[in-house]
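Only one structure is covered here, and it is reproduced in the block below.
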Amino acid sequence: GNDPVLKSMLQSELDARGIALTVRNEELRVGMGDLPAADIWPELWISDDSRFGEATEILRDLKSEGTNK
């Protein structure tokens, strides 16, 4: 999704758990308006594929916490 607060929370949580990640497309935000938003929205890429499932669970938990407020 394109929720910057959720992205920031997820990035912090993954970092706290030692899950290495790379943020992609963050520098492309300057093209906003010229490029389709879906093409330039920042993405979090997990460096270690074996931890993808764990990262997905963390994301799911963060999303459910956000909807339960």
Here the residues within the range 32-52 that are modelled with pLDDT under 95, assigned to a helix (DSSP H, G or I) and among the small types (Gly, Ala, Ser) are 37, 38
When residue 58 is evaluated against the numbered criteria (1) at pLDDT 90 or above; (2) loosely packed, with under 14 Cβ neighbours inside 10 Å, which criterion, by number, is the only one it fails?
(2)
Is at least one residue of the range 21-31 at pLDDT 75 or above, of a type in the set (A, V, I, L, M, F, W, C) and touching a strand residue (DSSP E or B) at 6+ places or on another chain (Cβ under 7 Å)?
yes
Could you please tell me which pairs satisfy a Cβ distance under 9 Å, a separation of 6+ or placement on different chains, a first residue in the range 40-65 that is within 12 Å of residue 22 (Cα to Cα), and a second residue that is surrounded by fewer than 11 Cβ atoms within 10 Å (Cβ to Cβ) and of a type in the set (Val, Ile, Thr)?
43/22; 44/22; 45/22; 46/22; 47/22
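The values are calculated or read from the model by the stated rules, or taken from the named source; none is laboratory data. These numbers come from a predicted model, not from an experiment. All Cβ positions, glycine included, derive from the backbone under ideal geometry; neighbour counts span all protein chains shown.
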